[in-house]
Structures are given as structure tokens and as C-alpha cells.
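Data first, discussion second: the structure below is written as C-alpha cells.
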Amino acid sequence: MRRLRGYSCSWTPRPTEGSSCAGPGESWSPSPNSMLRILLSAQTSPARLTGLLLIPPVQPCLVPSKWGNRAFGGDPHSSPVQGLQRLLEQAQSPGELLRWLGQNPTKVCAHHYPVALRRLGQLLGSQPQPPPVEQATLQDLSQLIIGNCPSFDIHTIHTCLHLAVLLGYPSDGPLVCALEQERRSRLPSKPPPHQQPVLDGGQRLEAALSCPRFLRSPRQHLIRSLAEERPEELTPHVMVLLAQHLARHRLREPQLLEAIAHFLVVQEAQLNSKVVQKLVLPFGRLNYPPLEQQFMPCLEKILAREAGVAPLATVNILMSLCQLQCLPFKALQFVFSPGFINHISGTPHALIVRRYLSLLDTAVELELPGYRGPRLPQRHQVPIFPRSLITDRARCKYSHKDMVAEGLRQLLGEEKYRRDLTVPPGYCTDFLLCVSSSGAVLPVRTQDPFLPYPPRSCPRGQDQTVSNPTTRGPAQRVVLMLRERWHFCRDGRVLLGSRALRERHLGLMGYQLLPVPQPCS
């Protein structure tokens, strides 16, 4: 009979590694050293060895053949491999087991070794007076298994390891160590541990801005990380990242904003308008005019140098300055010039630039009476914010606008207020009411919900009103301004720049503003 090289067999079911088998009506988990003493001395009751008897028998190997899957060696005549398995299962002593394994090296298959270990346990546990086992016999059996375990499959290794522990082979002995080493070698290799790179100052700040702890307590962690950095390590990329985080999370942190303003002043010569627009963004959004005295002169120099290079960046810078109420006249004259307007007309971002220019023109009309330069031509003007702001649309399910609308409907009736009405020059209002001089709420008629724009000049201190013949007096336009949580900076006291700008312009146009705070939850 030819020997199949490299062929290994396995048996099922797979035992759980390190588990102990229980005898009928009892649970037992012996230590390896005590079990070995039991085997060598045979001075204890064989009932404690019944765990070995309960291990399922090893199934013979099946190999494919032209007659189908059958026991290794063929059918109907039994093979030498099957014959050796029967001899091992019928052995009457540990010495006989060892002889069958040692005298038939060409017929020994990998699965024969767990069969021999199992039979050894049965011999020691089934006899009233187990025969003493010579230590040399155990050592010889161990050497046979150690020498052949590289050819075992993983299931055979687990089975032999489990049986060896139950038989009392010491955990630090050669047999258990060899089987354990083979078991580990079959495990999937683990990827090498990730080496933390050495970070310079700027990279450490980037990591601080992105770590989960920053999201839980952004102020303290960020301030501490920034305080540890040296000025030369603060690159434009790091400062832009810092500015974006402050704007995105509505963090009105004076220390950090002043650090950005100081960096902008110091690095003015090396910064272009595309970087500057990102550094200036949090000042306008958070409604924070910096204390740095050179902040505005520095921006004016950058605008004079870069205005024609990046039109959208130039307008973005002016939008932030508009929210801070500090628009430079020279930059306004440049962006309202025919050359600049013609230049942006054919660009992909022409619509957004025209919308921003329309807002700047409104700011000039309402806030800069001393301006004497060019203005945006009427044909280029577009509504500023014809719809609710993006943040309001994104968080509409958290808003209490529907609650306020239902209250107005029940108190006044649907004909006496208008919701989400856009008034010239393009500001969307939450709720608009017409109120007479006596305090009565009038029906909002389609012909008179708006105040004229540009507003007619009137003596300082008087409000813009529209005459209502039914009441023999002027009717005021009252705008209910919802105050949601996300309309404010994180501290909850300062309105965001875009909100403050809208309310300021509506007030300058003559509308009476009535803030509606968010109800306490």
C-alpha cells in the first residue's frame, strides 16, 4: 500500500479548547499536574477519569474515489489505516498502544494520535485497578506526537491538545508546548502595531482639532493645545483649520479669535485672498470685531493687492466685514466698478457674487450715508435672501415656528399675519403683521404688506409707516423674529453675524422688530 504524503485526517465535532468534560451527574476540571500524578500512581478512583470516556470517538478519514467518498483504503476490504485504528481502539494496555504506533510508521495517519490518547484515557478510567504507567511510555508517546504534529490539521491539533491536558501532561511540558506552538502558527497573522508618527507643532494642533475630546470640550482642549505652540509653528493651514472649527461650531472664543487676527497681521505679506477669506470668516459669522488695531488696515492692504485676482474671495471678505459694520470705501468702489462687474458676469459663481454685491449695495444704502462711489446697477441686482436661511431649513423639525403660527392663527386669524414673506430688497421675514396706531392688528392686504425700499427720508427718531385709510392713522409693519438656539453663538448671548445683519437692516428700513424667544423645554 502506497503512503499518501502530506495527507492528514481530522475528526468532528471540534472540542472547545481548554474545556473540561463532565462525568454523569458531576462536573470535574482537574489540574494538569494532579492528573499526571493520577496517571502515574493509579491510586485514585477511576470514576474521576470518566471525562476522557465521554469524548466523541474519532471518525476514520474519508477520501474521494471513483466509488464515492469512503474510508481511506477502499471498500469493501478494510484498509491498513482502518485496521490500525481498530487495533488502537482495542489495545489493552498503554504499552500495547505505543507498540502499535511505533511498529507501523507507514500506516500511521495524523488522526491516529488522538485515537491513541483517547484510548489511553479509557484504559486508565475504565478499570477498577488501573495498571501503573511507566513514565518512559508517556515520554515515548509524547515524542511520537511532537515529531508528527507539524503534519496535523488545526482540528487534530486542538483535539490532541485537549486530550493531553485532560491526561495530565504539564502545561509547560514539551508535548503541550509543541502543540500550542503549532496552534499559534496556524492563526492568521496580525498586522504590525501602528506606529504613532512624530508630530510637529502644526500637526499636533491639527490632531487636537480633530480628536473626539475636542468635540466633547472644544474650548478648553483647543485653547490648551494652541497655548503650547510657538508662533513659528502656526502655519496658514493650521490657522485656517482653527478658523473653520470656530465658525462651524459657533465658538466665540476671544483668545483664539485674537490669535487668528494677530497671525493675519503678522503674516499679511505671505497670505493671498483665498486664505484670508477663510481666516476672516469666523469674525463675521460670530459677530466679533477683533481688538487687534492693525486688523482693518491689514485687510485693506490685502484687498487692494488681491481684489482683481480672486473675485469671489474678495467679495467673501467684504461680506464678513459687512457683518462687522466696517466696510472700506476703496474696496467697495472697486467691486462696484463696471470692470469688476463685467469680469464676474461670465464666471461660474456669477449668481452668488451678484447676490453678495446686492447685499453690499443694501448695506451702503442703509449704513453708509457718506459713501459717494459707484453703486450696483439695477439690472444686476437680485434678491438677497429670497428663502429661509439654510440652517433654518435644515433644522425646521427642531424649530418652534409651527407653534408660533398656530398661536397666531388661533389668536388673530390667518388673514392678519403673513408667514415667510420676503420683503424688498430680499429679506425673508418669519411673521409680518400690520398694527394700527391704536394697537389693533389689521388684515394684511396684498397691496400694502411692504415698506418702500429704498426707504423715504424722514426725521430721525420717526418710524417708516404706511397710511391706512380705515383707521385714520399710520399702520406699522411688525416683524416677529424667531430666536432659535442655533441663531446664537455657542454661549447663547450673541446673535450670529448673518442674523444680526438681517435684523439691523430690517430695523433701518422701518420695520418694528419683536423678538420671539425659544420656549423653555
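Data for the structure
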quantity: Within the stretch 473-521, tally of residues that are charged (D, E, K, R) and over 32 Å from the mean Cα position of the chain (by Cα); calculated: 4
quantity: Candidates Val353, Val309, Val315 - the one that is closer than 18 Å to Val276 by Cα, β-branched (Val, Ile, Thr) and at pLDDT below 90; calculated: Val309
quantity: Flag for Asn287 being crowded, with 18+ Cβ neighbours inside 10 Å and not in a helix (DSSP H, G or I); calculated: yes
quantity: Evaluation of Gln195 against (1) open to solvent by 100 Å² or more (accessible area, probe 1.4 Å); (2) within 45 Å of the chain's Cα centre (by Cα); (3) over 21 Å from Ala110 (Cα atoms); (4) at pLDDT 75 or above (one fails), failing number; calculated: (4)
quantity: Among the candidates Phe340, Phe385, Phe334, residue that is open to solvent by 40 Å² or more (accessible area, probe 1.4 Å) and closer than 14 Å to Leu303 by Cβ; calculated: Phe334
quantity: Pair list, Cβ < 8 Å and 6+ apart or interchain, from the stretch 331-356 residues that are within 21 Å of Pro383 (Cβ to Cβ) to residues that are of a type in the set (Ser, Thr, Tyr) and surrounded by fewer than 19 Cβ atoms within 10 Å (Cβ to Cβ); calculated: Leu332/Tyr371; Val353/Thr347
quantity: The lone exception for Pro131 - which of (1) touching a helix residue (DSSP H, G or I) at 6+ places or on another chain (Cβ under 7 Å); (2) part of a loop (DSSP other than H, G, I, E, B); (3) at pLDDT below 75 it fails; calculated: (1)
quantity: Pairs where the first residue, in the stretch 421-436, is within 11 Å of Met481 (Cβ to Cβ) and the second is open to solvent by 10 Å² or more (accessible area, probe 1.4 Å) and part of a strand (DSSP E or B), C-beta under 6 Å, 6+ apart; calculated: Asp430/Leu480; Phe431/Arg419; Phe431/Leu480; Leu432/Arg418
quantity: Selected residue (criterion: nearest to Glu406 (Cα to Cα)) from residues of the stretch 422-478 that are modelled with pLDDT of 70 or more and loosely packed, with under 11 Cβ neighbours inside 10 Å; calculated: Gly439
quantity: Output for the stretch 471-517, where each listed residue is among the hydrophobic types (A, V, I, L, M, F, W, C), in contact with a helix residue (DSSP H, G or I) (Cβ under 9 Å, 6 or more places away or on another chain) and in a strand (DSSP E or B); calculated: Val479, Leu480, Met481, Leu482, Phe488, Leu495, Leu513, Val516
quantity: Among (1) surrounded by 22 or more Cβ atoms within 10 Å (Cβ to Cβ); (2) modelled with pLDDT under 75; (3) closer than 27 Å to Thr106 by Cα, the one test that Leu166 misses; calculated: (3)
quantity: Count of the stretch 236-258 residues which are within 22 Å of the chain's Cα centre (by Cα), in contact (Cβ under 8 Å) with a residue 40 or more places away in the chain and open to solvent by 30 Å² or more (accessible area, probe 1.4 Å); calculated: 1
quantity: Matching residues in the stretch 307-319 - criterion: being within 18 Å of Pro289 (Cβ to Cβ) and either free of Cβ contacts under 8 Å to residues at least 24 places away in the same chain or open to solvent by less than 10 Å² (accessible area, probe 1.4 Å) (or both); calculated: Ile317, Leu318
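Residues are listed down the side, and each one gets a yes or a no for (1) within 19 Å of Ala331 (Cβ to Cβ); (2) among the aromatic types (Phe, Trp, Tyr); (3) surrounded by 16 or more Cβ atoms within 10 Å (Cβ to Cβ):
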| site | (1), (2), (3) |
| --- | --- |
| Ile260 | no, no, yes |
| Leu264 | yes, no, yes |
| Ala269 | yes, no, no |
| Phe283 | yes, yes, yes |
| Ile302 | yes, no, yes |
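The values are calculated or read from the model by the stated rules, or taken from the named source; none is laboratory data. A quick note: this is a predicted structure, and the numbers were derived from the prediction, not measured. For neighbour counting, all protein chains shown are included, and Cβ atoms are generated from backbone atoms with ideal geometry for every residue, glycine included. Note: areas computed on protein heavy atoms with side chains; ligands, DNA, RNA excluded. Shrake-Rupley method; radii C 1.70, N 1.55, O 1.52, S 1.80 Å.
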